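Notes to accompany the following structure.
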Amino acid sequence: MSYRVVEIAVNVSVHKTFHYREPEDLQGRLVPGSRVRVPFGSRRVEGTVVGFVEQAAVSGLKYVVEVLDTCLTPELLALARWMSDYYLFPLGQTIESLVPRAVSRTKPKLKKFIRLTASPSDCGDSIVVRGKKQTELVQLLTGRGEVCVDELDAFSSQTIKTLRDAGLIEISEREPDALTDREDFLPSEPPMLMSAQSDAVRRISETAMRSEFGVFLLHGVTGSGKTEVYLHAIKTLAGTGKGAIVLVPEIALTPQLLNRFRKRFGTRVAVLHSGLTDRERADEYRRIQAQQVDVAIGARSAVFAPFAQVGLIIVDEEHENSYKQDEGLRYHARDVAVMRAKFQHSVAVLGSATPSLESFYNAKNGKYHYLPLADRVDHRPMPEVLLVDVKTLPKQSLYSAQLLEEIRLRLDRKEQALLLLNRRGFSSVIICGDCGLAIKCPSCSVSLTFHKSEGRLKCHYCGFLMRPPDTCPTCSSHELKPLGSGTQKVEEELQTLFPEARMKRMDSDSVKGRDAYEKLLQQVDRLEVDILLGTQMVAKGHDFPAVTLVGVVDADVGLNMPDFRSAEKTFQLITQAAGRAGRGGTAGEVIIQTMNPNHYAIRHSRTHDYEGFYNEEIAYRIQLGYPPIGRFIKLEIKGVDEAQTAEAAKIAQNRIRHLMRGKGTVLLGPAPAPISRVRGKYRFHLLLLSQQREAIRSLALEGKKAVEDKYNRKCQVSIDVDPVNLM
Ligand code: ADP
Ligand code: ZN
Ligand code: ZN
């Protein structure tokens, strides 16, 4: 007898699919995308049907055990295949990362709902509502329509039963609406768009309406009304039956932002963020599947929102590093968004005031459409930026006279000041106290890392090693010192200077969890805070109208990170921080304290000159063949035993060297990671760089395999395609 052989991507760490036999009782129920449970070795594991084959590869196939009730759309399955291939991650595990775990583990919870079947007056004499309680209930139902029994604690089950037996009410069971549905959102009139905004909306929606693939880079200065463009563009999808996905950095997913969406789209908005419980996430996921929403808004993983059809995918603050997942399936949500739009013949909109080099490069090359918003809303001025050279400050002082004076002014005027510190930066870099520059690797142009135990400076890209010099290679000064020292006391010092100021700190140490974060935002909003200081968190996306001063205390920390993107990240951070100033009626001011006032990342952020920065930065990327010109793949080799892990990294290196053919491929390392030990495991990095992505993919896989063959489980290798975090 013939039977179908099912090809299944099993959720295990193996780069291949497996064949199973379709049992008779499941015939017709399995389709590509079906989630199933199958035997695997001595266990049972979950997997996903990816296809059917005529001939089985082996005889004696095992049977599929059961079908789970979730199913991946064909389009998401195609996206998963692309991701598995691109990110060199097993297909079964890739799919697993696409579907919230809880969706296959939890059943939707059903609730009882009650509504009137007839109005009592329609029923003649046969039905009589007796007593106070019954009357109250009927009145409630008349007013509200359908009500969940959970809300009827005031009524006994007998009251409800009596009315039901009398045929007056009906009880049905269904999934409750999402949490959000209980609040009422007064719809608000959208503002009239400015002409640059409406041009952008028109071009986006024209492409979306034609069901054509297109990527738009919405490059709008801070406060230029990008969010308003998103809202209008989404509106134009109404009636097409297509959903919209809006990705925002986790940290920007505030009640403030959600309310803006709910005021426009009411309850037809699903929210996916890390603060949800598994069940809440699963419920939101099902609501999208059931087409109860038009818009899904969320952080990174919302890019997998299971709309049957997607018309628009928006990636706000597309330059944010948090879009890159740093473990497991190391995908970049922005790049996946673009691919998903491509598979769905739809539109991706990437928005930023400081686009990533990658995206701007694509816009310049005509791969993306370019939509500039050059002005702030209502022609509010961009803030004035002042650079203060901290080399001129007396030693040990953290704050310049100018900055202190301006803070004092804000306190007097009852306005708010926001201070950015990079305190939690990376301090194992040696900088020159006179010229402000970190000592760099001669061949990689990234800062060298100081390894105290060995007394050596190391390049963690190529492994270059040197003794710390006595004098600065650039200016011959003797003032060499580790970076970041002395900044620990910034907060206390400020409080001593301004004892009456209400200060709050915002960083991942002081603000734990969503609730604390949102509470702090509210306090700032209600003007209960005079000075908000913190790390990168304070720089991002907030819209506080009373902030008229932004101070960047130590702009150089980021600049000297051992990372080829350090200039880009610094430019973005300073420009974004500056963008927090003067968003209300009063003009804003920005003071940047730096040792490197002439560095191009700092110079151009002073004049809000993105293109000026881009032109200098891209020249350096071209010269070294770094992204966006070339592509990196990072191999990370981890293990408990340092010598053995170093040895394993060498094995990967040798294997790759042996296979490396053709020009244009560079292998850097192995070198210890800048953060060389994490959770008891030593880490070594190998970097593959090439102009042709295809050339290095198989090399990376071979390098991984060489280590796994020899060390089995003692050393782990992970592959990171287009790595963002090189620490
Ligand atoms: P961005 O996302 O670029 O920072 P937003 O869309 O948040 O900008 O807009 C900044 C502020 O200006 C918001 O308060 C928004 O409501 C307001 N705004 C945006 N577009 C307009 C417009 N066309 N007319 C009036 N106000 C607008
Ligand atoms: Zn120097
Ligand atoms: Zn180097």
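The values are calculated or read from the model by the stated rules, or taken from the named source; none is laboratory data. All values reported here derive from a predicted model rather than from experimental measurement. Using ideal geometry, Cβ is built from the backbone for each residue, glycine included, and neighbour counts are taken over all protein chains shown. We work out accessible area using only protein heavy atoms, side chains counted, and drop any ligands, DNA or RNA first. Shrake-Rupley method; radii C 1.70, N 1.55, O 1.52, S 1.80 Å.
Considered as a group, the residues in region 252-266 that are more than 14 Å from ligand 1 (Cβ to nearest atom) and surrounded by fewer than 19 Cβ atoms within 10 Å (Cβ to Cβ) include one that is farthest from the chain's Cα centre (by Cα), and that residue is GLY266.
Of all residues in region 351-386, those satisfying the criterion of being at pLDDT 95 or above and part of a helix (DSSP H, G or I) are LEU357, GLU358, SER359, PHE360, TYR361, ASN362, ALA363, LYS364. Per the conditions (1) in contact with a Pro (Cβ under 6 Å, 6 or more places away or on another chain); (2) away from ligand 3 (no atom under 16 Å from the Cβ), the sole criterion not satisfied by LEU686 is (2).
Only one of the listed residues (LEU448, LEU409) is modelled with pLDDT of 80 or more and more than 16 Å from ligand 2 (Cβ to nearest atom). That residue is LEU409.
For region 428-440, state whether one or more residues are modelled with pLDDT of 80 or more and away from ligand 2 (no atom under 16 Å from the Cβ). Checked region 428-440: no residue is modelled with pLDDT of 80 or more and away from ligand 2 (no atom under 16 Å from the Cβ).
Checking ALA555, ALA539, ALA516 one by one, the residue that is farther than 30 Å from ASN598 by Cβ, away from ligand 2 (no atom under 16 Å from the Cβ) and hydrophobic (A, V, I, L, M, F, W, C) is ALA516 and no other. If you check GLN309, GLN402, GLN344 for being in contact with a Lys or Arg (Cβ under 8 Å, 6 or more places away or on another chain) and not acidic (Asp, Glu), only one passes: GLN309. Within region 3-24, residues that are among the hydroxyl-bearing types (Ser, Thr, Tyr) sit with their Cβ atoms under 7 Å from residues that are open to solvent by 50 Å² or more (accessible area, probe 1.4 Å), at 6+ positions apart or across chains, in these pairs: TYR3/ARG21; TYR20/LYS62; TYR20/TYR63. Just give me the residues in region 531-553 being in a loop (DSSP other than H, G, I, E, B) and either more than 19 Å from ALA587 (Cβ to Cβ) or open to solvent by less than 40 Å² (accessible area, probe 1.4 Å) (or both), in sequence order. If the condition is that a residue be in a loop (DSSP other than H, G, I, E, B) and either more than 19 Å from ALA587 (Cβ to Cβ) or open to solvent by less than 40 Å² (accessible area, probe 1.4 Å) (or both), then THR535, LYS540, GLY541, HIS542, PHE544, ALA546, VAL553 are the ones that fit.
Has region 50-64 got any residue that is surrounded by 14 or more Cβ atoms within 10 Å (Cβ to Cβ), of a type in the set (A, V, I, L, M) and within 38 Å of the chain's Cα centre (by Cα)? Within region 50-64, one or more residues are surrounded by 14 or more Cβ atoms within 10 Å (Cβ to Cβ), of a type in the set (A, V, I, L, M) and within 38 Å of the chain's Cα centre (by Cα). With respect to ARG43, is the statement that it is closer than 23 Å to PRO100 by Cα and open to solvent by 70 Å² or more (accessible area, probe 1.4 Å) true? Against the criterion (closer than 23 Å to PRO100 by Cα and open to solvent by 70 Å² or more (accessible area, probe 1.4 Å)), ARG43 qualifies. Before we move on, is ALA353 within 16 Å of ligand 1 (Cβ to nearest atom), in contact (Cβ under 8 Å) with a residue 12 or more places away in the chain and out of contact with any helix residue (DSSP H, G or I) (no Cβ under 6 Å at 6 or more places or on another chain)? Taking the combined requirement at face value, the residue satisfies it. Scanning region 418-477 for residues that are touching a helix residue (DSSP H, G or I) at 6+ places or on another chain (Cβ under 7 Å) and more than 18 Å from THR594 (Cα to Cα) yields one hit, SER445.
Take the conditions touching a helix residue (DSSP H, G or I) at 6+ places or on another chain (Cβ under 6 Å), in a strand (DSSP E or B) and at pLDDT 95 or above and apply them to ALA348. Does it pass? In short, yes.
Of all residues in region 686-693, at least one satisfies being open to solvent by less than 10 Å² (accessible area, probe 1.4 Å) and polar (S, T, N, Q).
Of all residues in region 199-232, those being open to solvent by less than 30 Å² (accessible area, probe 1.4 Å) and either within 17 Å of VAL338 (Cα to Cα) or among the basic types (Lys, Arg) (or both) number 12.
Pairs linking a residue in region 605-627 that is more than 22 Å from LEU667 (Cα to Cα) to a residue that is part of a helix (DSSP H, G or I) and polar (S, T, N, Q), with Cβ atoms under 8 Å and 6 or more positions apart or on different chains, are SER605/THR570; SER605/THR575; HIS608/THR575; TYR610/THR575; PHE613/SER605. GLU528 meets each of the listed conditions (1) under 27 Å from LEU409 (Cα atoms); (2) touching a residue at least 60 places away in the same chain (Cβ under 8 Å); (3) in a loop (DSSP other than H, G, I, E, B); (4) not aliphatic (A, V, I, L, M) apart from (2). All told, SER718 falls short of being at pLDDT below 90, part of a strand (DSSP E or B) and touching a strand residue (DSSP E or B) at 6+ places or on another chain (Cβ under 9 Å).
Would you tally the residues in region 498-509 being closer than 13 Å to MET537 by Cβ, in a loop (DSSP other than H, G, I, E, B) and touching a helix residue (DSSP H, G or I) at 6+ places or on another chain (Cβ under 8 Å)? Summing the residues that are closer than 13 Å to MET537 by Cβ, in a loop (DSSP other than H, G, I, E, B) and touching a helix residue (DSSP H, G or I) at 6+ places or on another chain (Cβ under 8 Å) in region 498-509 gives 2. Within region 231-258, residues that are closer than 20 Å to TYR323 by Cβ reach partners that are of a type in the set (Lys, Arg) and assigned to a loop (DSSP other than H, G, I, E, B) with beta carbons closer than 6 Å, at six or more positions or on different chains, in the pairs ILE251/LYS540. Set side by side, the residues GLU280, GLU318 differ, and just one is at negative phi and surrounded by fewer than 19 Cβ atoms within 10 Å (Cβ to Cβ), which is GLU280.
The residues listed here are LEU421, LEU494; of these, the one that is surrounded by 13 or more Cβ atoms within 10 Å (Cβ to Cβ) and either modelled with pLDDT of 85 or more or within 16 Å of ligand 1 (Cβ to nearest atom) (or both) is LEU494.
Going by the structure shown, is LEU350 surrounded by 24 or more Cβ atoms within 10 Å (Cβ to Cβ) and over 25 Å from GLU568 (Cα atoms)? Taking the combined requirement at face value, the residue does not satisfy it.
Going by the conditions given, is ALA438 touching a residue at least 60 places away in the same chain (Cβ under 8 Å) and closer than 27 Å to LEU668 by Cβ? Spelling it out, ALA438 is indeed touching a residue at least 60 places away in the same chain (Cβ under 8 Å) and closer than 27 Å to LEU668 by Cβ. For TYR323, the criteria (1) over 30 Å from LYS226 (Cα atoms); (2) among the hydroxyl-bearing types (Ser, Thr, Tyr); (3) open to solvent by less than 10 Å² (accessible area, probe 1.4 Å) hold in every case but one, which is (1).
Please determine whether any residue of region 457-467 is more than 16 Å from ligand 3 (Cβ to nearest atom), under 22 Å from LYS650 (Cα atoms) and either open to solvent by less than 10 Å² (accessible area, probe 1.4 Å) or without any contact (Cβ under 8 Å) to a residue 40 or more places away in the chain (or both). Scanning region 457-467 turns up no residue that is more than 16 Å from ligand 3 (Cβ to nearest atom), under 22 Å from LYS650 (Cα atoms) and either open to solvent by less than 10 Å² (accessible area, probe 1.4 Å) or without any contact (Cβ under 8 Å) to a residue 40 or more places away in the chain (or both).
Counting only residues that are within 21 Å of the chain's Cα centre (by Cα) and open to solvent by 30 Å² or more (accessible area, probe 1.4 Å), region 234-251 holds 2 of them.
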